[in-house]
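Notes to accompany the following structure.
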Amino acid sequence: MLPLVVFLVFLGLLMGGLWAPFSIAAAALLYIYLEGGVFGLRAIGLASWGGLYSFTLTAVPLFLLMAEVLLQSGVANRVYRGLSRIVRRLPGGLLQTNIVGCAVFSAISGSSVATAAGIGTVAMPQLLQRGYSRKLSAGSLAGGGTLGILIPPSIAMIIYGTFTETSVSQLFMAGIIPGLMTVALFMLLIGVLALIKPSIAPRETATEEPPVNWTETAADLLPFSLVILVTLGSIYFGIATPTEAAAVGSVISIAVGVIWGNLSWSVFLTALRNTTRTSASLLFIVLAAFLFSYAIGIDGFGRDLSAWLLEQELSKPMLLLAIILLYLILGCVVESIGIMVITLPVLYPILLAYDIDLIWFGVVLVLLIELGQLTPPLGINLFVIQSIWEGKLEEVVQGTIPFFLIIFAMVFVLWTVPELATWLPSLMVN
Amino acid sequence: MILKTIANLLFAASARLADLAIAAMMVLVALEILLRSLFASSLLIADEFAAYALVAATFLGLPIAIREAALFRFEGLLNRIPDSWRPLYERFLYLLAILVAAILLTYLIQFVESSARRGIVSHGRIEVPIWIPQLMMPLGMGLSLLALIERLLAPSGKA
């Protein structure tokens, strides 16, 4: 009963407009107090320190910094330009560039918000000016943005790894194939839609433009590729942990920003300040969730629930279906990273009891979180797109639906063929 | 007025320190890899100090995240509240946040105090008195509380 009451309090505060981390922290404090009294509250300090004093989590600000530096120095714009020369000739034109742009940006960014905002701010004005379908322009950017946490690096995976003590490196690798498949399906969708209904995308024909200048295109794409190669390569070959890769990636991004972009001291300071702001707000959510999971721990709710579930002798598919359903519902009402960190302490013993592969589940969970990022009223990617254009939120939501369905389908694809996630990690060095 | 100037200075210093912590994290970890791969050597403290920097960056970055409205919130209900009631309702939300921050601050202070009293040092190469990095937690939370109080007094600012 108590967990339900606390959860309702949390939901009430969140929907009422209290900031997400404060809503989680308020619920956690209430939970701890009701469970352990004032004495219980005395553990807050240790739980906070124990949660945040983590080398693994250090990767969060470092990957944010890497993406910010590339974005602020204008290197990300050059990538979009370079990609658009090649990709816009496909049916769907610049809408395809949105997807490929998001995919490439995802490989240096661990955040869906940064990806949607980074590509969105560059792409949106051009899309609207050239008369692309408004809904699909918004939808492809919001949907494409979610690739940020599926294609490594991924902040969601770093946090998942921290809570479940799974290897973040393996999680990263597990996301690659499902990520690329999602990209392919997104592009296929846009291509088909453009062929069926040509009005959604004006033709970007080769006759209107000079042929692709490959040297220039290579120059636009090379620096980015370098950063991606070094960070992901060093993780794959076991040379560096994700945190180390993030640090090296940031250093290289700075070099790339100076050489190929317009990174000056003041631009760097802006990137750094943006990183500080974003990482503090993200990690405060994580901190609040650590308090919440501490409360669940002293309450024994997680243990009770998993014991109860095991008594029900639920089959594994039924359990997975229940979990998927749970996240779909929660995704509508709770902020996405928040969902993950609140539910994992409860879910973790159940996953272990059912002998569910934690790496595989991590990828499935990321897909489910992506769905949450696209569902109103709290889908964060919807708001990101909403904040960079003058249209209505309803248009964004409608445009997002096809992409939502593809991600949803990917959950079941992974369920049927788990090797899509587990194969690459199994090949890794170490 | 003087109070406000002092507060602004504190907020600016806190944010700058958080920036610095993130930059230090990057340099420290990158240096460690460089030493390891080129000279088969190690700083021996990189992991530990990077994690200290993470705690510092999170807590000291929080006041600016609050002041610049970077924290995620759902505005669906807020936007439906009539303009005349909105400041009052916002104040109610700030009061809730202040309560949360005040409780956190109280127990964070207690925690650091107890670490200092018991003279706990880190297990690493350099035996750091653990209360020093831990002190960033109550410092940041205290300034966050101040930032929330500032909001409470002037809720009209963009939230």
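The values are calculated or read from the model by the stated rules, or taken from the named source; none is laboratory data. These figures come from a predicted structure and were not determined experimentally. Note that we place each Cβ from the backbone using ideal geometry, even for glycine, and neighbour counts take in every protein chain shown. Each accessible area value is taken on the protein alone, full model and side chains, heavy atoms only, with ligands, DNA and RNA left out. Shrake-Rupley method; radii C 1.70, N 1.55, O 1.52, S 1.80 Å.
For the range A:361-429, applying the loop criterion from DSSP together with a ceiling of 11 other beta carbons within 10 Å to the GluC sites (Glu not before Pro) yields A:Glu390. Its convex hull of Cα atoms gives the range A:134-271 a direction-averaged projected area, equal to a quarter of the hull surface, of 11.5 nm². Tell me, how many Å apart are the Cα centres for the range A:365-399 and for the range B:26-42? Each part's Cα centre sits 41 Å from the other's.
Given N residues in the range A:224-365, what is Rg(Cα) / (2.2 N^0.38 Å)?
Computed over Cα atoms of the range A:224-365, the ratio equals 1.40.
Its Cα gyration tensor gives the range B:1-111 an equivalent ellipsoid; the semi-axes, largest first and in whole Å, are 39, 16, 14.
Residues of A:370-382, mean number of Cβ from any other protein chain within 10 Å of their own Cβ, rounded to a whole number?
1
Of the GluC sites (Glu not before Pro) found in the range B:76-159, those in coil by DSSP whose Cβ has at most 16 other Cβ atoms within 10 Å are B:Glu127. Short to long, the 20 Å bins of the Cα pair-distance histogram for chain A hold 26, 58, 15, 1 percent of all pairs. If you take the accessible area of A alone, add that of B alone, and subtract the area of the pair, what total do you get in Å², probe 1.4 Å, to the nearest 100? The contact between B and A buries close to 4900 Å². Looking at the range A:32-58, which residues lose a minimum of 50 Å² of accessible area between their chain alone and all protein chains in place, measuring with a 1.4 Å probe and not counting ligands or nucleic acids? Buried by 50 Å² or more upon assembly, which counts only protein chains, are A:Trp49, A:Leu52, A:Tyr53, A:Phe55, A:Thr58. Centre-to-centre, using Cα atoms only, the range A:30-80 and the range A:94-162 are separated by 22 Å. Averaged over peptide A:59-72, the number of partner chain Cβ atoms lying within 10 Å of each residue's Cβ comes to 2. Of the Cα atoms belonging to the range A:1-120, the radius of gyration and Dmax stand at 21.4, 65 Å.
Sites listed here are trypsin sites (Lys or Arg not before Pro) in the range A:97-184 whose DSSP assignment is loop and whose Cβ has at most 14 other Cβ atoms within 10 Å: A:Arg130. Solvent-accessible area of A:Asp357, all protein chains in place: 70 Å² (probe radius 1.4 Å, heavy atoms, ligands and nucleic acids excluded).
Every Cα-Cα pair of the range A:272-430 was included, and the share exceeding 28 Å stands at 31 percent. Shape call for the range A:100-205 from the C-alpha gyration tensor, a ≥ b ≥ c root eigenvalues: rounded (a/c under 1.5), prolate (a/b greater than b/c) or oblate? Prolate. Taken per residue, the accessible surface of chain A reaches 36 Å², heavy atoms only and a 1.4 Å probe. Atom-type composition of the exposed protein surface of the protein assembly as shown places 69 percent of the accessible area on carbon and sulfur (1.4 angstrom probe). Taking one quarter of the surface of the convex hull spanned by the alpha-carbon atoms of the range A:317-363 gives a direction-averaged projected area of 3.2 nm². What separates the Cα centres of the range B:43-92 and the range A:239-256 is a distance of 27 Å. Relative to the longest principal axis of the Cα atoms of chain A, the long axis of helix A:75-87 makes an angle of roughly 60 degrees. Residue-normalised convex hull volume from the C-alpha trace of the range B:94-137: 58 Å³ per residue.
Contact order for the range A:280-416, expressed relative to its length and based on alpha carbon pairs under 8 Å spaced 6+ residues apart, stands at 26 percent.
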